[in-house]
1. As an exercise: evaluate F101 against (1) in a helix (DSSP H, G or I); (2) exposed (fewer than 12 other Cβ atoms within 10 Å of the Cβ) and give the number of the one condition it does not meet.
2. Can you tell me which residue in the stretch 72-90 is farthest from E61 (Cα to Cα), limited to those that are in a helix (DSSP H, G or I) and without any contact (Cβ under 8 Å) to a residue 12 or more places away in the chain?
3. Could you please find all residues in the stretch 25-77 being charged (D, E, K, R) and surrounded by 10 or more Cβ atoms within 10 Å (Cβ to Cβ)?
4. Tell me the residue from R38, R57, R53 that is basic (K, R), on the phi < 0 side of the Ramachandran plot and either in a helix (DSSP H, G or I) or at pLDDT 90 or above (or both), please.
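The values are calculated or read from the model by the stated rules, or taken from the named source; none is laboratory data. As the structure is a prediction and not an experimental result, all values here were calculated from the model. When we count neighbours, we look across all protein chains shown, and the Cβ atoms used for this are built from the backbone with ideal geometry, even at glycine.
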Amino acid sequence: MKKSGLADSPFFQDATQGGHEVYTRSAPARKSEPTEVRTENRSEKRPVLPTRRLARRYSFEFYDDQIQTLKRLKFEAESQGQRLTLSDLVREALDQYLQRFK
């Protein structure tokens, strides 16, 4: 039978042949035995998670000059190393506008 050029590669050899050591990963030993009784005591301190605003997709009409200005601002921010999307710009502008009415 014809052998390929890779047949002698260590990758394709059996790990038990050729004096290679076989390493296995084992879980660390437990330091204590599990308890028989489950306690109902819980920590009273709960981490306060920040409120996350959910984004929804809506379709709005914009003027061409508004889109061009947004794209220019995005390009300028990216040329300075910032990661920014058009949606980020519009959301920020809308937040600033809505602050007037609060």
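1. Just one mismatch for F101, condition (1).
2. S79
3. K71, R72, K74, E76
4. Just a single option satisfies the conditions, and that option is R57.
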